[in-house]
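The values are calculated or read from the model by the stated rules, or taken from the named source; none is laboratory data. Nothing here was measured: the structure is a model prediction, and the numbers come from that model. Positions of Cβ are backbone-derived with ideal geometry, glycine not excepted, and every protein chain shown enters the neighbour counts.
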Amino acid sequence: MLAKRKGITVSRQIMDDQRLHPEATGELTGLLNDLVVAGKIISAEVNMAGLADILGQSGRTNIQGENVQKLDVFANQTIKRRMEQCGHVCVMASEEDDGIIPVLDGYEGNYTIAFDPLDGSSNIDVNVSIGTIFSIHRRLSPSGQGDVGDLLQKGSRQVAAGYIIYGSSTVMVYTTGSGVHGFTLDPSVGEFFLSHPDIRIPETSLYYSVNEAYANHWFDSTRRFIDYLKTADGGKGAYSLRYIGSLVADFHRNLIKGGIFLYTRDKKSGEKSEGKLRLLYEAAPLAMIVEQAGGRAITDDGRRILDIEPAKLHQRVPLIIGAKRDVDLAEKFLRGEM
Ligand code: AFP
């Protein structure tokens, strides 16, 4: 593996990653570089949102029945426009769109992209970190425009996954299957520079992240696990609660500082429900990142997220994700072994 040099640009790193695959054609490199550009455009707009009168709701609801924010619309359009003509994508899916999204005729490439253009968008108006999450697969169909089957692939078949978080600074974290790297945008020169080489999720965790407001509805196993975290080692090793309500922000903090995030089924949603988070746009890409960083991601019945075969574009999935030791522990509680 090539040594990671702090300060190199994300484009340089993406090209270095390509050199690890002698068979590579440069298509994935081109796609990722176009995503970087989309991220810079969205970042600039997020920073200007208050001034540019782009805060607030657009007046529409999306496929998930949620109010669509104006910035959501902007981010969604920005990514679609860059991807439809980059020449490396054959079909797309967005958390904001009902069905598959075609690319421009003549620009079909060999990859698919599924993305959440602005995760955590209910936080936009209050300056809380939000982010773009993406998941990339190789196409399955032989040529031309891709179809839904190209997008409904297991997470374990992702060739790249990542997110761009728009927070106190804008940071891009991605993996192409050989480690996880983080890049911070220097707005003065408009470049992402390597700031977090070879990220490994700390084995010793500080935080658990869960929406405690749902505690009255939790199944007994979830309640006992969270109670255990609060009192671990007789209180000495107790975890602290951190919950932002923006998955990309909760995940990023836990990845860097150590921790576990849970969004499980509960008595209110029912055992047959699928939780809230989306498999294609949220759970699968973050699962690839966490595994590449030494962590784990499972459902609340112990299935590895990356092994789930998606049945539909907007499939939801219960998610437990974070440091391996914590997810292993959660699994024991969920199995009734603790
Ligand atoms: P929004 O995009 O509507 O803000 O939803 C964010 C999200 O999908 C995910 O980013 C959070 O982790 C989760 O929902 C928070 O859900 P709760 O409000 O139910 O805790």
note = Condition set within 15 Å of the ligand (Cβ to nearest atom), outside any loop (DSSP other than H, G, I, E, B) and among the aliphatic types (A, V, I, L, M), scope region 115-145, selection surrounded by the fewest Cβ atoms within 10 Å (Cβ to Cβ): answer is Val126
ask   = How many of the residues making up region 211-251 are in a helix (DSSP H, G or I), more than 16 Å from Ala330 (Cα to Cα) and of a type in the set (Val, Ile, Thr)?
value = 1
request  = Just name the residue that is farthest from the ligand (Cβ to nearest atom) out of those in region 90-104 that are out of contact with any Phe, Trp or Tyr (no Cβ under 6 Å at 6 or more places or on another chain) and of a type in the set (Asp, Glu).
outcome  = Asp98
note = In the set Leu280, Leu306, Leu313, Leu319, the lone residue that is more than 14 Å from the ligand (Cβ to nearest atom) and touching a Leu at 6+ places or on another chain (Cβ under 7 Å) is Leu313
note = Scanning region 247-277 residue by residue, those farther than 22 Å from Gln158 by Cβ, within 13 Å of the ligand (Cβ to nearest atom) and buried (at least 17 other Cβ atoms within 10 Å of the Cβ) turn out to be Arg253, Leu262, Thr264, Arg265, Asp266
ask   = Of Glu203, Glu212, which residue is in contact with a helix residue (DSSP H, G or I) (Cβ under 7 Å, 6 or more places away or on another chain) and surrounded by fewer than 16 Cβ atoms within 10 Å (Cβ to Cβ)?
value = Glu203
Single residue of Ile63, Ile14 found to be at pLDDT below 95, part of a loop (DSSP other than H, G, I, E, B) and touching a Leu at 6+ places or on another chain (Cβ under 9 Å) = Ile63
ask   = farther than 15 Å from Arg278 by Cβ, aromatic (Phe, Trp, Tyr) and within 16 Å of the ligand (Cβ to nearest atom): does that describe Tyr107?
value = no
